[in-house]
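The values are calculated or read from the model by the stated rules, or taken from the named source; none is laboratory data. Just so it is clear, the structure is predicted and the values come from calculations on it, not from any experiment. Heads up, the Cβs are rebuilt from the backbone with ideal geometry, glycines too, and the neighbour counts pull from every protein chain shown.
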Amino acid sequence: MVRLFIVAMVFFVSGVANASGLYECEEVDRSTWLTETQLTQQLKEKGWQEVRRMKPDGGCWEVYGTTPDGQRVEGYFDPVTGEQLILAQRGRILFRKEE
């Protein structure tokens with residue numbers, strides 16, 4: 001019984017570790033993506049106060065920064081257009097693009 005529990009926990013934990021973030025984008029050729037600099041510039045032009053960190057996640061750009069309202073958020077953006085897809089703060093969804 002203990003062995004079964006341990007095996008189940010290993011599968012559960014490994015599944016959680018490999019889980020993606022809050023949003024997944026449609027796969028597109030990486031050469032068509034905006035660069036970090038280009039997306040940062042777009043966000044600054046929209047009034048973002050700060051872009052602290054950015055990384056690819058789930059085929060999107062995942063951005064950590066401060067919105068024009070001063071909210072520190074995690075956001076997912078379309079990698080080609082820079083369109084905002086989702087914004088979250090401490091696990092709470094603030095905005096989600098309607099599909």
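Data overview
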read-out: Members of the range 15-51 found to be among the aliphatic types (A, V, I, L, M), surrounded by 14 or more Cβ atoms within 10 Å (Cβ to Cβ) and modelled with pLDDT of 95 or more, listed by number; value: LEU34, LEU39, LEU43, VAL51
read-out: Residues that are in a loop (DSSP other than H, G, I, E, B) and among the aliphatic types (A, V, I, L, M), drawn from the range 44-99; value: VAL80
read-out: Candidate set: the range 73-87, residues that are touching a strand residue (DSSP E or B) at 6+ places or on another chain (Cβ under 9 Å) and touching a residue at least 24 places away in the same chain (Cβ under 8 Å); chosen: the one nearest to GLN38 (Cα to Cα); value: GLY82
read-out: Output for the range 62-99, where each listed residue is β-branched (Val, Ile, Thr) and surrounded by 14 or more Cβ atoms within 10 Å (Cβ to Cβ); value: VAL63, THR66, THR67, VAL73, VAL80, ILE86
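Matching residues to (1) within 21 Å of THR32 (Cα to Cα); (2) in contact (Cβ under 8 Å) with a residue 12 or more places away in the chain:
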position	(1), (2)
ARG52	no, yes
GLY58	yes, yes
VAL63	yes, yes
GLN89	no, yes
ARG92	no, no
